[in-house]
Amino acid sequence: MWYIFIVNLNRFFDFIKIKKEEIESFEEFLILSGFGLDFSGNIVKIYKKGGIKDVKNYLLTTLNGSEKDLRIDDISTYLFAGVNGGGKTTSIAKLGNFFKEKGDKVLFIQGDTFRTGANEQLKIWGDRTGIEVFLGKRGDDPGSVIFDGLSYAKNRGYKKIFIDTAGRLSSKKNLMEELKKIKKVIEKNFENVIETILVLDSTEGENLYSQVDKFKETVDITGFFITKIDSTIKPGIMIPIYEKYKIPFLYLSFGEDLKSFEKFDKEKFVNLIFSTYLNG
Ligand code: GDP
């Protein structure tokens with residue numbers, strides 16, 4: 001829960017004063033926080049010219065357009081993608097639970113027919129949240145399980161449908177092709193996928209670039225769901241990632257329980273990164 005305590009401390013940021021002899025360790029901090037060499041170099045230059053306020057403005061300007069509200073329609077289908085272990089299923093559970101508590105009819109569909117235990121995992125979250133889960137059998141074609149799941153959802157009046165997919169390692173081409181096919185099956189037969197969300201595990205550091213590249217090649221990603229911000233030492237990486245791809249951030253997750261997530265807020269995020277500088 002540390003995340004909650006640190007954020008909103010805008011004052012924190014303004015207090016940052018770096019002595020000349022500390023500039024090098026500041027740059028080191030930036031690189032270690034995931035900003036990368038170029039971006040860290042820019043920040044240091046800006047700091048030297050205009051101080052910490054200018055750095056903050058630079059980061060906030062870079063993040064212009066990065067905050068996005070989840071799109072909601074009469075019937076909303078949310079397709080989740082991402083590598084294994086990144087937090088897809090947990091993020092689906094969190095968001096599904098949020099809508100269920102607001103009174104929506106929510107269905108989870110397990111499109112991961114590949115991984116042993118995928119069904120059980122989503123089922124556990126379904127039981128915990130009281131949300132129905134539509135499952136296929138292991139080895140079934142994911143496209144047809146999702147087709148059946150969406151038909152089921154339509155017949156029973158579900159309004160928010162969350163689709164989990166196999167944690168396709170982005171280097172496995174056939175699995176990426178499968179993701180493309182899944183999206184086509186949905187859009188040909190049902191309402192459009194309202195959001196295609198790529199879950200980004202913030203502890204993955206520079207690996208995230210190749211993940212985003214591969215998924216982006218395959219399907220249009222409409223937003224990121226950032227996970228494990230409580231465990232990463234490199235939260236800064238999200239800023240150059242936004243600068244490069246201009247894909248907005250929907251949510252930020254900071255723990256394993258259902259409530260540990262919130263809408264991405266760029267100012268909070270920037271403060272969060274720099275609070276770790278002040279706190280050592
Ligand atoms: P999937 O394979 O992408 O579906 O990943 P899971 O949802 O199964 O999550 C993998 C692991 O990451 C689980 O142990 C989750 O509890 C954990 N996890 C997910 N989100 C977060 C988060 O924001 N913070 C932390 N610390 N752990 C998380």
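The values are calculated or read from the model by the stated rules, or taken from the named source; none is laboratory data. Everything quoted here is computed from the prediction, not taken from an experiment. As a convention, Cβ positions derive from the backbone with ideal geometry for all residues, glycine included, and neighbour counts pool all protein chains shown.
Anything in segment 54-112 that is within 18 Å of Glu191 (Cβ to Cβ), within 16 Å of the ligand (Cβ to nearest atom) and either without any contact (Cβ under 8 Å) to a residue 40 or more places away in the chain or assigned to a loop (DSSP other than H, G, I, E, B) (or both)? List them, or say none.
Answer for segment 54-112, where residues must be within 18 Å of Glu191 (Cβ to Cβ), within 16 Å of the ligand (Cβ to nearest atom) and either without any contact (Cβ under 8 Å) to a residue 40 or more places away in the chain or assigned to a loop (DSSP other than H, G, I, E, B) (or both): just Gly111.
In segment 152-181, which residue that is surrounded by fewer than 22 Cβ atoms within 10 Å (Cβ to Cβ) and closer than 30 Å to Ile273 by Cα is nearest to the ligand (Cβ to nearest atom)?
Selected residue: Gly167.
If I ask for residues that are of a type in the set (D, E, K, R) and either outside any helix (DSSP H, G or I) or touching a residue at least 60 places away in the same chain (Cβ under 8 Å) (or both), which ones from segment 178-192 would you list?
Lys183, Glu191
Within segment 201-251, how many residues are more than 30 Å from Glu187 (Cα to Cα), more than 16 Å from the ligand (Cβ to nearest atom) and either in contact with a Leu (Cβ under 7 Å, 6 or more places away or on another chain) or among the β-branched types (Val, Ile, Thr) (or both)?
So the answer is 2.
Anything in segment 201-241 that is modelled with pLDDT of 95 or more, in a loop (DSSP other than H, G, I, E, B) and not charged (D, E, K, R)? List them, or say none.
Across segment 201-241, the qualifying residues are Ile221, Thr222.
In this structure, is Phe254 touching a strand residue (DSSP E or B) at 6+ places or on another chain (Cβ under 8 Å) and over 25 Å from Asp140 (Cα atoms)?
So Phe254 fits the description; yes.
Could you pull out the residue among Ile247, Ile239 that is buried (at least 16 other Cβ atoms within 10 Å of the Cβ), of a type in the set (A, V, I, L, M), free of Cβ contacts under 8 Å to residues at least 60 places away in the same chain and in contact with a helix residue (DSSP H, G or I) (Cβ under 8 Å, 6 or more places away or on another chain)?
Ile247
Among the residues in segment 193-200, are any assigned to a strand (DSSP E or B), in contact with a Leu (Cβ under 8 Å, 6 or more places away or on another chain), within 13 Å of the ligand (Cβ to nearest atom) and not small (Gly, Ala, Ser)?
Taking segment 193-200 first, the residues assigned to a strand (DSSP E or B) are 195-200.
Filter once more, so that each one left must be in contact with a Leu (Cβ under 8 Å, 6 or more places away or on another chain): 195-197, 200.
From what is left, the residues that are within 13 Å of the ligand (Cβ to nearest atom) are 197, 200.
Checking the rest, the ones that are also not small (Gly, Ala, Ser) come to 197, 200.
Checked against the condition, which is being assigned to a strand (DSSP E or B), in contact with a Leu (Cβ under 8 Å, 6 or more places away or on another chain), within 13 Å of the ligand (Cβ to nearest atom) and not small (Gly, Ala, Ser), segment 193-200 yields at least one hit.
Select, from Ser260, Ser210, the only residue that is closer than 25 Å to Gly126 by Cα and of a type outside the set (A, V, I, L, M, F, W, C).
Ser260
Out of the residues in segment 113-122 meeting the condition of being part of a helix (DSSP H, G or I) and surrounded by 15 or more Cβ atoms within 10 Å (Cβ to Cβ), tell me which one is farthest from the ligand (Cβ to nearest atom). Step through it out loud before you land on a result.
At the first step, the residues of segment 113-122 found to be part of a helix (DSSP H, G or I) are 118-122.
This time we only want the ones that are surrounded by 15 or more Cβ atoms within 10 Å (Cβ to Cβ), so: 118-119, 121-122.
Details: Ala118: 8, Asn119: 12, Gln121: 6, Leu122: 8 Å.
Within segment 113-122, the match that is farthest from the ligand (Cβ to nearest atom) is Asn119.
Is at least one residue of segment 166-177 among the hydroxyl-bearing types (Ser, Thr, Tyr), at negative phi and assigned to a helix (DSSP H, G or I)?
no
Please work out if Lys184 is in contact with a helix residue (DSSP H, G or I) (Cβ under 9 Å, 6 or more places away or on another chain) and surrounded by fewer than 22 Cβ atoms within 10 Å (Cβ to Cβ).
yes
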